[in-house]
Amino acid sequence: MAFDYNLPKCTKKATFMNENNTNKNGSQAEVMTHSRYTAPTHGLFSLSWPIFIDLAMHFLTVTINIYMVSMISLQAVAELNVGSQAFQLAFTLFNFVNIGVCVCCAQALGNGNKSIVRRVIHMGLGLNIVWGICIVLVCFFGAGLICKIMNIPQEIFHTSKEYLMIISFTFFAEAINLCTSAILRAHGCTRDPMYVNIAGNIIIIIGNYILLFGHFGAPQLGIYGVAVSTVVSRFLAVGFLYYLMVKRTKVRIVPRFFFVVKKKILRQIFSVGLPGAGENLTWQLQFLFMTSIVGTFGTVALATQGIYFQMCGLIMLFSISVGMGTEILVSHYAGAMKFSLANKQLLHSVKIGMLITAILSINIPFWLGNTVFSIFTDDPRVFEMARPIFYVSVVMEVGRILNIIIINSLRAVGDTKFPVMMAVISMWGISVTIGTFLGVYMHMGLLGVWIGFCCDECARGVIMLIRWKTKGWIKAAKRNYRINYMKKKVQKPALKA
């Protein structure tokens, strides 16, 4: 069955002829054919700012629910805890597939390969449908076991379990939403997911107001009302994002092709997504380990870490959004073997990102730090403990954005193993080692732990910059192109006279 496909308005066409037409393998030569290069028309800023707001909306969903439930009682907030943790974990699990979907789709668009674009879209949706159903089944039928593992107190066990069972249906919708958002971003249409997620959070607020408190004659469902409004919001978003995906990409979706497995496409998606997930998992594990170390310093230190991390989240979201915007652009160039343009884009993004991050990391902690902390506590010990960390964060956040942008770009060109290897070595060899030594043995407490985080981010950032500047990624980029985009033609032997 033929597909109807036209390039979306988000991109424009250009053609190029690769310089290396043939190799030296005789009659079985791989011939580099003419390729229709699709140049991105969106700049870094126009791609990144909607991604920033979009990511903020995802994380704001949990914050909205917790804030509105806190108006009822502190116990109700505790009952939401297991569902909120599951929601954030599911977001991370789904992203490991969708990182690969976004990069592979953008590479294929840059290469002008319509066939691979169609296959990535269909297989990406199929993978997320299966993955989403699996997570829903685990959370729904295993809700009781999950609550036991998390040591939920007996007085809130039953309510927490039922809340998790209801909210688990959200995970299927979230899997599809994240996939369609990734596809839209790859096509340069980053505003569509942003608008849908803003509308989704508005629906959650209205739904919570009606069902949580029982307004307008509706039953007062308590935290169950929060779960219902979240589920409804996410499933409505599925319809809008699916419609926008079809409209923007001009790809005719054939549901039966969702589950047609093409090993080459599957390998291509996982070769990008799995290392990205491995890196994120490594970071979460080392942060969890260091949080357990902070717990030995006392309640004040643990509270300070939690509050300060929330404040750093704003700067981190900015770093991630710039990294994702750069990743989309570099993926386009990598798919067309335009490595000089990829290099130019990366260096431009690094300069812009580091400049803005430096401004944010200086102003947010120093000017807004006390205001943010005062929202959560008025304990002077917390302010005193956080103040020296403000100075550390100025250096750390600059190192972090260097790290994020370059790692995303290395992933975009197919150099995926090196960042994961360095993440394991640096996080556990530098962050954990230095943080534990300074915090515990040198009695620096929380400040020592954050110096460890700073050393890891800066060290990896410098190593990634060296990797990029020395062109260590070129070999992996060429290999990725040869495996996924080079068309093979068997040359017929010349006829004998």
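Just a few scattered comments:
- Answer from A237, A182, A227 - the residue that is within 22 Å of N113 (Cα to Cα), in contact (Cβ under 8 Å) with a residue 40 or more places away in the chain and among the small types (G, A, S): A182
- Considered as a group, the residues in segment 69-78 that are open to solvent by 20 Å² or more (accessible area, probe 1.4 Å) and in a helix (DSSP H, G or I) include one that is modelled with the lowest pLDDT, and that residue is L74.
- Checking T249 against (1) in contact (Cβ under 8 Å) with a residue 40 or more places away in the chain; (2) over 22 Å from the mean Cα position of the chain (by Cα), the condition it does not meet: (2)
- Summed over segment 202-222, residues that are open to solvent by 70 Å² or more (accessible area, probe 1.4 Å), free of Cβ contacts under 8 Å to residues at least 60 places away in the same chain and within 20 Å of F59 (Cα to Cα) total 2.
- Residues located in segment 328-351, provided they are open to solvent by 10 Å² or more (accessible area, probe 1.4 Å), closer than 16 Å to I474 by Cβ and not in a loop (DSSP other than H, G, I, E, B): Y333, F339, S340, L341, N343, K344, Q345, L347
- Test: residue in segment 122-144 that is at pLDDT 85 or above and within 17 Å of C189 (Cα to Cα): no
- The one condition in (1) surrounded by 23 or more Cβ atoms within 10 Å (Cβ to Cβ); (2) within 18 Å of the chain's Cα centre (by Cα) that W131 fails to fulfil: (1)
- Residue in segment 181-189 that is assigned to a helix (DSSP H, G or I) and more than 21 Å from the chain's Cα centre (by Cα) present: no
- Matching entry among M421, M442, M486 (being among the aliphatic types (A, V, I, L, M) and either touching a residue at least 60 places away in the same chain (Cβ under 8 Å) or surrounded by 14 or more Cβ atoms within 10 Å (Cβ to Cβ) (or both)): M486
- Checked across segment 254-273, the condition of being touching a Phe, Trp or Tyr at 6+ places or on another chain (Cβ under 7 Å) and of a type in the set (D, E, K, R) holds for no residue.
- Subset of segment 354-413 that is among the small types (G, A, S) and open to solvent by 20 Å² or more (accessible area, probe 1.4 Å) - its residue that is modelled with the lowest pLDDT: S374
- In the set I425, I389, I404, I434, only one residue is more than 15 Å from L447 (Cα to Cα) and over 19 Å from the mean Cα position of the chain (by Cα); that residue is I425.
- Matching option when the condition is in a helix (DSSP H, G or I), in contact (Cβ under 8 Å) with a residue 60 or more places away in the chain and β-branched (V, I, T), among I406, I466: I406
- Residue match in segment 254-266 (condition: in a helix (DSSP H, G or I) and open to solvent by less than 10 Å² (accessible area, probe 1.4 Å)): yes
The values are calculated or read from the model by the stated rules, or taken from the named source; none is laboratory data. Since the structure is predicted, the reported quantities are computational estimates derived from the model, not experimental observations. Here the Cβ is made from the backbone with ideal geometry for all residues, glycine too, and neighbour counts use every protein chain on show. What goes into the accessible areas is simple: the full protein's heavy atoms, side chains included, and nothing from ligands, DNA or RNA. Shrake-Rupley method; radii C 1.70, N 1.55, O 1.52, S 1.80 Å.
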